[in-house]
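Below you'll find the structure, written out as structure tokens, and then a few comments.
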Amino acid sequence: MNSDLNNILGDYALETRGLWRTFGKFEAVKGVDLRVPKGTVFGLLGVNGAGKSTIIKMAMGHLRPTRGEIKVLGRALGEDLVEIRKRVAYVSENRYLYEWMTVAESISFTRAFHETWDDGKAADLLKRFSLPPGKKVRQLSRGNRARLCLLLALSFNPELIILDEPTSGLDPIVRRDFIENIVSEIAEEGKTVLFSSHIVDEVERVADYVAIINEGEILLVSTIDDIKTSYKRVRYATNGTRPEVAGLPGVLAVENGRHEQVLTVSAWGDETLRSLGERGVKNPEVLPISLEDIFVNTVRAERERRAGL
Amino acid sequence: MFINIDPSSGLPIYIQIAQQIKTAVAMGRLQPEEPLPSVRQLAVDLAVNPNTVARAYLDLEIEGVIYKRQGAGTFVSGQGVEMSKAERRRVLTELLEKALVEGVNLGLSEQELRETFDRVLDKILLGRAPEPVGK
């Protein structure tokens, strides 16, 4: 996906500027600028309590920002909430269903709110998920409730699908159902998916873009492939003296072994290679690094930076 | 087609897919003119983003490992991947160098390195030996 092109066109499914939200004295979201290009899958990655859900709730109009702006599908959120809701699907961790309805009733009830409802798709998903139409929602297993929510969300052909920790607490089979169906949605032209997760594996498989969120701030936004290209582990023998590398730009973490040093570098390239060379590093070995390690190291480096302030 | 995605490896997923298809072709598990699954199908099967599969296919197409036929799908190329001999040597040298450096660092002797090399090569060549004719 070409992010430069998207910048020029300003073609975002979701855009926030200076988004803040406080709860009493607690600052849950602190100046978040998020731009989700149309037609991409965008993952919000963060530990529990990082502010992911708060951002999503504000984007859905369920929670008012303390300050800042939100645009969804090109419209300011305040203006046109009803219109926007018709085009945006939302699946949250706390699945909102009417307990006393049957599966079939839940479907016809939701159908009534959407002119764009696709009966064929709903029937197809009902079959694929083996959902019992006559069963009451209250009798459904946790996994089947999640599947029903996904069915309701996908059947009106939304332009933007927002999923807040969609697979949280689900068994691997239901989780796979979710991921496969989300993937098959994305394959359709023009759909945008924004989802939050604390499961790195999931974000890495499915997302084009990832934003790492920590304590209400975005630490990093990039495409997954770019992250993996620029973040590296660098390993070399120390031969008696340890080079001073801790302060070098882009060095996130330094691990000292008995006879080696291992660096986590955020922008690997000729420049870093040269400055390592100037400090006496010979034959550094460059290793790939997993998104999980990048996530952990980025969050830790930020914590250390704050502790040092 | 069996592809094993390991998100915890630092390698981008599109590279993992491309490498494994290349290996499958080299080992004869994928034969020339064999059809490959569509981008969408493979994305669903592997539970990865379709853009990732599309990027792997694009890279393989540029390298001449696979080709697209309008409206018919994607296929494994016929004999001879379009890469010059020098280029192929360069790629191989780079890969071998990494492996051999590891081997030296593991403390294997020259003799052991050569034996291992031969054994692996034998295994690969055996794996792609043609079926016996006549039966």
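So the values come out like this:
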quantity: Cross-chain or 6+ apart pairs with Cβ under 6 Å, the range B:23-44 first and within 14 Å of chain A (Cβ to nearest Cβ), then of a type in the set (Asp, Glu); calculated: B:VAL44/A:GLU180
quantity: Verdict on A:PHE42 being open to solvent by less than 50 Å² (accessible area, probe 1.4 Å), aromatic (Phe, Trp, Tyr) and either modelled with pLDDT of 95 or more or assigned by TED's automatic domain parsing to the domain that holds A:GLU165 (or both); calculated: yes
quantity: Enumeration of residues in the range A:252-284 that are within 14 Å of chain B (Cβ to nearest Cβ), in a strand (DSSP E or B) and surrounded by fewer than 15 Cβ atoms within 10 Å (Cβ to Cβ); calculated: A:GLU260
quantity: Unmet criterion (only one of (1) among the small types (Gly, Ala, Ser); (2) under 14 Å from the mean Cα position of the chain (by Cα); (3) part of a strand (DSSP E or B)) for A:ALA28; calculated: (2)
quantity: Candidate set from the range A:167-203 (those that are touching a residue at least 60 places away in the same chain (Cβ under 8 Å) and touching a Lys or Arg at 6+ places or on another chain (Cβ under 6 Å)); member that is farthest from A:ILE289 (Cα to Cα); calculated: A:THR192
quantity: Residue selected from the range A:13-34 under the condition in contact (Cβ under 8 Å) with a residue 60 or more places away in the chain and within 25 Å of A:ASP225 (Cα to Cα), by the criterion most open to solvent (accessible area, probe 1.4 Å); calculated: A:ASP33
quantity: Flag for A:TYR209 being buried (at least 22 other Cβ atoms within 10 Å of the Cβ), within 11 Å of chain B (Cβ to nearest Cβ), over 29 Å from A:ARG87 (Cβ atoms) and modelled with pLDDT of 90 or more; calculated: no
quantity: Checking A:ALA246 against (1) modelled with pLDDT under 85; (2) under 22 Å from A:ARG303 (Cα atoms); (3) touching a Lys or Arg at 6+ places or on another chain (Cβ under 6 Å), the condition it does not meet; calculated: (3)
quantity: Selection from the range A:212-230 of residues that are within 8 Å of chain B (Cβ to nearest Cβ) and over 14 Å from the mean Cα position of the chain (by Cα); calculated: A:ASP225, A:LYS228, A:THR229
quantity: Subset of the range A:59-93 (residues that are in contact (Cβ under 8 Å) with a residue 40 or more places away in the chain and aliphatic (A, V, I, L, M)); calculated: A:ALA59, A:MET60, A:LEU63, A:ILE70, A:VAL72, A:LEU73, A:VAL88, A:ALA89, A:VAL91
quantity: Which listed residue, of A:LEU126, A:LEU151, is in contact with a Pro (Cβ under 8 Å, 6 or more places away or on another chain), in contact (Cβ under 8 Å) with a residue 24 or more places away in the chain and either part of a helix (DSSP H, G or I) or open to solvent by 30 Å² or more (accessible area, probe 1.4 Å) (or both); calculated: A:LEU126
quantity: So A:LEU219, is it surrounded by fewer than 23 Cβ atoms within 10 Å (Cβ to Cβ), within 22 Å of B:PRO12 (Cα to Cα) and at pLDDT 90 or above; calculated: yes
quantity: Boolean, A:ARG233 is within 27 Å of A:VAL200 (Cα to Cα) and either surrounded by 19 or more Cβ atoms within 10 Å (Cβ to Cβ) or not hydroxyl-bearing (Ser, Thr, Tyr) (or both); calculated: yes
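Matching residues to (1) away from chain A (no Cβ under 14 Å); (2) more than 13 Å from the chain's Cα centre (by Cα); (3) surrounded by 12 or more Cβ atoms within 10 Å (Cβ to Cβ); (4) under 26 Å from A:PHE178 (Cα atoms):
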residue: B:ILE13; (1), (2), (3), (4): no, yes, yes, yes
residue: B:ARG69; (1), (2), (3), (4): yes, yes, no, no
residue: B:GLU97; (1), (2), (3), (4): no, yes, no, no
residue: B:SER109; (1), (2), (3), (4): yes, yes, no, no
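The values are calculated or read from the model by the stated rules, or taken from the named source; none is laboratory data. Predicted model, so just to flag it, every value in this text is computed and none were measured. Positions of Cβ are generated from backbone atoms using ideal geometry, with glycine treated the same way; all protein chains shown enter the neighbour counts. Remember, those area values only see protein heavy atoms, side chains included, never the ligands or the DNA or RNA. Shrake-Rupley method; radii C 1.70, N 1.55, O 1.52, S 1.80 Å.
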